[in-house]
1. Answer with yes or no whether THR3 is under 26 Å from GLN153 (Cβ atoms), of a type outside the set (A, V, I, L, M, F, W, C) and in contact with an Asp or Glu (Cβ under 6 Å, 6 or more places away or on another chain).
2. Just to be sure before I move on: is TYR149 part of a strand (DSSP E or B) and either within 27 Å of ILE86 (Cα to Cα) or of a type in the set (D, E, K, R) (or both) in the structure I sent?
3. Can you name the condition, by its number, that VAL271 falls short on among (1) assigned to a loop (DSSP other than H, G, I, E, B); (2) closer than 28 Å to ILE182 by Cα; (3) hydrophobic (A, V, I, L, M, F, W, C)?
4. Answer with yes or no whether ALA23 is surrounded by 15 or more Cβ atoms within 10 Å (Cβ to Cβ) and part of a helix (DSSP H, G or I).
5. Could you look through the range 562-585, keep only residues that are over 15 Å from SER418 (Cα atoms) and either modelled with pLDDT under 95 or small (Gly, Ala, Ser) (or both), and pick out the one that is nearest to the chain's Cα centre (by Cα)?
6. Residue check: is GLY375 exposed (fewer than 13 other Cβ atoms within 10 Å of the Cβ) and under 30 Å from PRO58 (Cα atoms)?
7. Examine the range 62-79 for a residue that is assigned to a loop (DSSP other than H, G, I, E, B), touching a Gly at 6+ places or on another chain (Cβ under 9 Å) and under 30 Å from LYS371 (Cβ atoms), and state whether such a residue exists.
8. Kindly check whether there is at least one residue in the range 677-697 that is aromatic (Phe, Trp, Tyr), within 23 Å of LEU593 (Cβ to Cβ), in contact (Cβ under 8 Å) with a residue 24 or more places away in the chain and more than 16 Å from ligand 2 (Cβ to nearest atom).
Amino acid sequence: MLTQNLGYPRIGNQRELKKACEAYWAGKSGLKNVMTAGKAIRHHNWQLQKDAGIDLIPSNDFSYYDQVLDHSLLFGAIPKRYNEVITKNGGEELDLYFAMARGYQKDGLDVTAMEMTKWFDTNYHYIVPEFYKDQQFKLFSTKVIDEFYDAKQLGIITKPVLIGPVSYLLLGKEKEAGFSKIDLLRNLLPVYMEVITKLKNLGAEWIQFDEPFLAMDLTEKEKQAFREAYKAIRAEFPYLKVLLATYFEALGDNTALATSLPVNALHIDLVRGPQQLDEVIAQLSKDTILSLGVLDGRNIWKNDLEASLQFINKAITAIGADRVWIAPSCSLIHSPCDLDNEKKEDVLTSEIKQWLSFARQKVDEVVTLKKLASGQPSNSALQQLEANKKAQAERRSSTLIHNPQVKERVAGITDADSQRANSFATRKIVQQDLLQLPLFATTTIGSFPQTAEVRSWRASYKKGSLTDEQYDRLIADETAKAVKWQEEIGLDVLVHGEFERNDMVEYFGEQLDGFTFTQNGWVQSYGSRCVKPPVIYGDVSRPVAMTVKWSAYAASLTQKWMKGMLTGPVTILQWSFVRNDQPRSATCTQIALAIRDEVVDLETAGIKIIQIDEPAIREGLPLRKADRENYLYWAVKAFRISASGVQDDTQIHTHMCYSEFNDIISNIADMDADVITIETSRSQMELLDVFADFKYPNEIGPGVYDIHSPRVPNRAEMGHLLKKAAAVIPESQLWVNPDCGLKTRGWDETKAALIEMVAAANEMRETV
Ligand code: GLN
Ligand code: ZN
């Protein structure tokens with residue numbers, strides 16, 4: 001029985017890689033610094049896993065930016081527009097690499113970055129390979145080989161990690177018509193053969209091929225590609241030890257396919273797909289090793305060792321200990337580095353800390369499980385099991401987690417709680433009576449520039465160098481300025497600006513019971529960007545109002561309508577580490593009740609327009625189509641619970657960005673928000689078509705300008721987009737707003753753009 005790890009976090013314990021990269025990009029230090037930081041992290045990770053006793057330690061799991069981009073460079077899948085960057089830089093591979101990731105705007109060159117998208121249903125984002133009709137591949141980067149060699153110098157024979165050929169192709173995008181990316185397999189495979197040969201020559205024994213798509217819905221053609229690819233690799237290397245790694249879902253209907261591929265070991269995710277063990281064992285061919293992904297690589301809870309042992313023992317009984325491996329469910333890049341970095345009791349209490357396990361602790365758990373599963377576990381292993389059982393039991397019964405009032409309230413939810421009193425048609429009339437808004441009413445999505453100054457106030461306040469009163473005064477003045485300015489330029493529905501908020505989820509998490517935070521629980525989101533998600537450990541409730549103070553204050557400064565601003569239950573859930581002792585839907589419902597209370601309190605305070613942001617609804621969609629309906633059912637219901645406690649004449653808005661709505665439009669309509677604002681400017685309003693085709697009944701604010709760029713659009717451009725919108729959606733339903741919040745923008749461009757936006761709306765009104 002062996003232990004293995006599929007990948008270790010590469011950001012560094014103190015985010016060293018982020019710091020080195022950003023210093024280099026800012027021109028403050030050299031490339032050498034970046035490489036030194038990378039090397040130190042790799043050595044640290046390898047040594048740590050070796051010391052812990054992991055048998056198969058990964059290499060090439062490290063990346064300076066993204067592992068998919070590493071592979072594009074490995075295979076020479078470099079779009080032509082970077083040719084000049086290559087010559088400009090005198091051949092520094094990392095410069096080319098960063099140019100592909102981030103674009104290149106220097107020395108008279110202006111080359112756009114490659115596209116980025118979500119890595120399955122995680123919050124990690126990868127750089128999308130670009131494929132062209134005449135796509136050729138050739139061995140370009142030797143990173144995977146260099147890293148193997150580097151570890152070997154340290155006396156560690158690692159298991160190089162490659163994204164498997166089929167998944168690599170499926171992750172990419174066809175950039176022109178006339179071919180299918182999966183047909184590129186034949187061009188690609190020879191480069192794999194070359195890489196494998198080099199790794200073998202250096203002494204590699206096992207190679208890990210990540211094929212997460214084996215756990216997704218596949219077409220017949222894609223299935224065939226898997227058969228072809230692994231047959232070809234086997235034919236070329238009869239003695240190579242191939243580990244096929246699947247994760248994020250159960251193999252399901254691909255079980256027969258996966259178990260029939262000529263590989264030596266198959267890894268399955270037993271956290272996402274615990275039910276698959278029996279079926280996989282039943283179909284596994286007789287020499288294949290089964291790697292059991294029993295520890296959650298994507299969440300921060302201590303493993304339930306006893307529960308994992310049940311899986312392991314079952315597998316041992318069925319196929320024998322020498323065909324069983326123990327592993328985390330997936331790469332640990334989705335976990336924070338090390339719980340030992342959490343040292344502040346006032347941030348993370350020791351009671352909660354003892355329930356948690358970060359990457360380093362997970363590695364230890366894997367090894368402990370092996371000791372426990374082997375015939376004669378040592379005393380210390382048995383002690384660890386006892387301690388683990390105790391921690392699990394304490395967590396299960398902790399009063400910190402269980403709040404009987406919350407449970408009672410959830411149990412008492414009725415259909416009426418997720419239902420506004422009357423239909424939208426009725427509400428629209430009373431809302432219009434009260435609000436008296438013009439056609440093409442103008443508004444913004446909530447946040448105004450979070451300038452360095454605003455952020456410095458918050459930092460000083462947290463450090464204690466600003467008192468409550470001083471901080472509040474600064475925020476109040478900033479809010480007042482924003483309100484006054486919005487009045488001056490003639491916006492119809494104002495916002496308070498969200499100056500008091502650090503982040504749209506953290507701000508709420510900090511005020512809700514059942515949430516905690518970490519000091520150092522950073523996880524890579526993309527490139528050098530890391531996030532520190534809140535931890536939902538217990539029943540969620542709202543002790544006191546969270547936003548009423550600032551919204552009511554802002555409202556008191558103006559005669560115009562002030563929109564209240566909240567983050568919705570699905571988005572709060574989606575962007576947090578979520579407890580694993582109850583279904584996600586149950587946690588979401590609890591958050592929904594807390595937000596509902598806030599909505600009602602805002603209404604009571606006289607706020608008659610309330611926006612509940614749900615940008616993450618779409619990204620929560622399950623990976624397998626068959627699971628989607630159930631998710632959409634409870635997610636939409638949670639939103640409706642949060643929104644339905646108000647009178648007919650209170651107008652509920654929701655907001656979503658980065659979304660496509662094609663396949664979920666009926667669910668979006670089912671949310672029954674009075675107004676939805678969406679990001680549409682980059683698609684030139686194309687995203688509106690699906691609303692038009694569906695005859696979406698409620699009101700819509702299609703974004704008329706891209707807030708991701710400092711560029712200031714003029715009224716003609718926005719007017720053009722509005723006309724396009726009005727051509728497909730009745731004008732009585734249309735609002736005018738930017739794509740998203742303006743927190744990342746500066747004031748100058750924000751002011752200039754909004755003045756133009758208001759002018760564009762005025763011009764539209766004149767045309768009707
Ligand atoms: N109200 C939030 C803001 O304006 C919405 C952010 C988002 O959709 N990501 O910042
Ligand atoms: Zn947005």
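The values are calculated or read from the model by the stated rules, or taken from the named source; none is laboratory data. None of the values given here were measured: they were computed from a predicted structure. Virtual Cβ from ideal backbone geometry, glycine too; neighbours counted across all protein chains shown.
1. On the way: under 26 Å from GLN153 (Cβ atoms): yes; of a type outside the set (A, V, I, L, M, F, W, C): yes; in contact with an Asp or Glu (Cβ under 6 Å, 6 or more places away or on another chain): yes.
Answer is yes for this residue.
2. Values: part of a strand (DSSP E or B): no; either within 27 Å of ILE86 (Cα to Cα) or of a type in the set (D, E, K, R) (or both): yes.
Judged against the criteria, TYR149 is not a match.
3. Unmet condition: (2).
4. Values: surrounded by 15 or more Cβ atoms within 10 Å (Cβ to Cβ): yes; part of a helix (DSSP H, G or I): yes.
Yes: the conditions hold for ALA23.
5. SER576
6. Working: exposed (fewer than 13 other Cβ atoms within 10 Å of the Cβ): yes; under 30 Å from PRO58 (Cα atoms): yes.
So GLY375 passes the test.
7. Taking every residue of the range 62-79 in turn, at least one turns out to be assigned to a loop (DSSP other than H, G, I, E, B), touching a Gly at 6+ places or on another chain (Cβ under 9 Å) and under 30 Å from LYS371 (Cβ atoms).
8. No, the range 677-697 has no match at all.
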